[in-house]
Amino acid sequence: MSDLYNSIMAGLNEAVEDAKGTGKRLNRRIVTVIPVKEYNADEIKKIRKNTGFSQKVFADYMGVSVKTVEAWEAGTNHPSGTASRILSMMEMDLKLVDDFPFVQSVDDIDHIRDGLKQAENEDVKDFNVVGERLEKKYQNICKKND
């Protein structure tokens, strides 16, 4: 017989002995899975706002459409089990979106970099002028830098 067959048979015999109680040799581990939390509209909106994400970025992060996020936040729809698990993780760990940055705003970074280069070229001494130019689109990023 092959080594593979012998190994499988040895494992099966060990499992049978353990089940009969003649030599409890196998490790046992009992686990409990916490039930999936059901989120209401206000809780979802609070989690999203805590991340600092717009509905669009939040939708991208969650892997759903913007319409889905809108429906969640309006209370007309509720997240699936998988989405609820991710929401639970985000609720428990505010740094989750930083630790697992699935969404990177390259456009925002490029626009800010371009704005700063333009300010350097124009020899702008007051960077508040740059902030005012970019304020509408990049308000959250400007606040972080102040």
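Overview of values
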{"read-out": "Scaled radius of gyration (Cα, divided by 2.2 N^0.38 Å) that segment 16-83 gives", "value": "1.90"}
{"read-out": "Highest average packing first - 77-87, 11-21, Cβ atoms within 10 Å", "value": "77-87, 11-21"}
{"read-out": "Potential lengthening between VAL33 and LEU96 on full extension [0.36 nm per residue; Cα-Cα distance subtracted]", "value": "20.6 nm"}
{"read-out": "Net charge dipole size for segment 1-75 [Lys, Arg +1 and Asp, Glu -1 on Cβ; Debye, nearest 20]", "value": "260 debye"}
{"read-out": "Taking PHE53, PHE58 and counting other C-beta atoms within 10 Å, the order from fewest to most", "value": "PHE53, PHE58"}
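Laboratory data are not the source of any read-out in this text; all were calculated from the coordinates shown. Not measured: the values here are computed from a predicted model. When we count neighbours, we look across all protein chains shown, and the Cβ atoms used for this are built from the backbone with ideal geometry, even at glycine.
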